[in-house]
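Asker: Take a look at the following structure, please.
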Amino acid sequence: EAGVAQSPRYKIIEKRQSVAFWCNPISGHATLYWYQQILGQGPKLLIQFQNNGVVDDSQLPKDRFSAERLKGVDSTLKIQPAKLEDSAVYLCASRLEQGSSYNEQFFGPGTRLTVL
Amino acid sequence: AQSVTQLDSHVSVSEGTPVLLRCNYSSSYSPSLFWYVQHPNKGLQLLLKYTSAATLVKGINGFEAEFKKSETSFHLTKPSAHMSDAAEYFCVVSGSNSGYALNFGKGTSLLVTP
């Protein structure tokens, strides 16, 4: 079974530029999450999708971050404009339909963003 | 709200000695608890999970954790450390009230010395 795919793996941009990340979850997984992991910290949830609807985006800085999952499969996360403090690893995770007995999420390899 | 507190930011052990990484949780609901490991420049890997079945949970690579409701703890242990165990470990809580999103602790960095 293929895992969660993310691209690009690395991205370096200058502040005030825009950047987009892509995630393809495990086939059949209805729930998709984006996490931000700043160096030296645990991952923090940015946004959660159930199929193509947003379940929770309370921690997403909506003035600069946006995310979509138009067809309920792939997802993109965009930052516009980027700030220095956005330097982090952006992790995508997916989970099988709600009701899974152990709620396990499967993580992609992440995209490491450096903002100069 | 659900949260976890990892009591040690750094733990150092000698190879072959026991490992103990401490975690306390806070949850208004019956939580699901996890331990994840992250090796340098590698992805997150699930070590083990507790989901209201047996309170002693066995995971991969010889790790195990015990859910103690009375102490609101979920400490991770291993009888004998190996050099390859050196990594960052995250205690994580999840629940249906949060859409099963994961709330990570700040992490414990495990150093294993020869």
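The values are calculated or read from the model by the stated rules, or taken from the named source; none is laboratory data. These figures come from a predicted structure and were not determined experimentally. Quick reminder, even Gly has a Cβ in these numbers, built from the backbone with ideal geometry, and neighbours come from all protein chains shown. With ligands, DNA and RNA removed, areas are computed over all heavy atoms of the protein, side chains included. Shrake-Rupley method; radii C 1.70, N 1.55, O 1.52, S 1.80 Å.
Asker: Quickly run through the range B:62-114 and pick out the residues that are basic (Lys, Arg) and either in contact with a Cys (Cβ under 8 Å, 6 or more places away or on another chain) or surrounded by fewer than 19 Cβ atoms within 10 Å (Cβ to Cβ) (or both).
Answerer: Taking the range B:62-114 first, the residues basic (Lys, Arg) are B:68-69, B:78, B:106.
Correct list: B:LYS68, B:LYS69, B:LYS106.
Asker: What is the one condition in (1) at pLDDT 95 or above; (2) assigned to a loop (DSSP other than H, G, I, E, B) that B:TRP35 does not satisfy?
Answerer: Going through the list (1) at pLDDT 95 or above; (2) assigned to a loop (DSSP other than H, G, I, E, B), B:TRP35 breaks only (2).
Asker: Among the residues of the range A:2-16, are any β-branched (Val, Ile, Thr) and part of a loop (DSSP other than H, G, I, E, B)? Walk me through how you get there before you give the answer.
Answerer: So the first thing to find is which residues in the range A:2-16 are β-branched (Val, Ile, Thr), and the list is A:4, A:12-13.
The next check asks that each one be part of a loop (DSSP other than H, G, I, E, B); those that pass are A:4.
There is at least one residue in the range A:2-16 that is β-branched (Val, Ile, Thr) and part of a loop (DSSP other than H, G, I, E, B).
Asker: Considering only the range A:11-22, I want to know if a residue exists there that is within 14 Å of chain B (Cβ to nearest Cβ) and out of contact with any Gly (no Cβ under 8 Å at 6 or more places or on another chain).
Answerer: No.
Asker: Quick one: in the range B:60-114, of everything that is within 14 Å of chain A (Cβ to nearest Cβ) and more than 15 Å from the chain's Cα centre (by Cα), which residue is modelled with the highest pLDDT?
Answerer: B:ALA101
Asker: Across the range A:36-86, what is the total count of residues that are more than 28 Å from B:CYS23 (Cα to Cα), in contact (Cβ under 8 Å) with a residue 12 or more places away in the chain and part of a loop (DSSP other than H, G, I, E, B)?
Answerer: Of the residues in the range A:36-86, 13 are more than 28 Å from B:CYS23 (Cα to Cα), in contact (Cβ under 8 Å) with a residue 12 or more places away in the chain and part of a loop (DSSP other than H, G, I, E, B).
Asker: Would you check which residues across the range A:28-48 are open to solvent by 60 Å² or more (accessible area, probe 1.4 Å), of a type outside the set (Lys, Arg) and at the interface with another protein chain (Cβ under 10 Å from one of its Cβ atoms) and list them?
Answerer: A:GLY40, A:GLN41
Asker: For residues in the range A:49-68 being more than 11 Å from chain B (Cβ to nearest Cβ) and more than 20 Å from A:LEU113 (Cβ to Cβ), which is least open to solvent (accessible area, probe 1.4 Å)?
Answerer: Per the criteria, the residue is A:GLY53.
Asker: Can you name every residue in the range A:15-27 that is without any contact (Cβ under 8 Å) to a residue 60 or more places away in the chain and open to solvent by 80 Å² or more (accessible area, probe 1.4 Å)?
Answerer: Within the range A:15-27, A:TRP22, A:SER27 meet the criteria.
Asker: Within the range A:104-111, is even one residue within 11 Å of chain B (Cβ to nearest Cβ), surrounded by 15 or more Cβ atoms within 10 Å (Cβ to Cβ) and free of Cβ contacts under 8 Å to residues at least 12 places away in the same chain?
Answerer: yes
Asker: Could you check how many residues of the range B:22-61 are among the hydrophobic types (A, V, I, L, M, F, W, C) and surrounded by fewer than 14 Cβ atoms within 10 Å (Cβ to Cβ)?
Answerer: Counting residues in the range B:22-61 that are among the hydrophobic types (A, V, I, L, M, F, W, C) and surrounded by fewer than 14 Cβ atoms within 10 Å (Cβ to Cβ) gives 4.
Asker: Here's something else I'd like to know. Got a number for residues in the range B:56-84 being part of a loop (DSSP other than H, G, I, E, B) and more than 19 Å from B:SER3 (Cα to Cα)?
Answerer: Pass one, the range B:56-84, residues part of a loop (DSSP other than H, G, I, E, B): B:59, B:63, B:69-72, B:79-82.
Keeping just the survivors that are more than 19 Å from B:SER3 (Cα to Cα) gives B:59, B:63, B:79-82.
Counting residues in the range B:56-84 that are part of a loop (DSSP other than H, G, I, E, B) and more than 19 Å from B:SER3 (Cα to Cα) gives 6.
Asker: Taking A:LYS71, is it farther than 26 Å from A:TYR10 by Cβ and either under 13 Å from the mean Cα position of the chain (by Cα) or not small (Gly, Ala, Ser) (or both)?
Answerer: It is true that A:LYS71 is farther than 26 Å from A:TYR10 by Cβ and either under 13 Å from the mean Cα position of the chain (by Cα) or not small (Gly, Ala, Ser) (or both).
Asker: Ok, one more. For the range B:86-114, give me the residue count where each residue is part of a strand (DSSP E or B) and of a type outside the set (S, T, N, Q).
Answerer: 11
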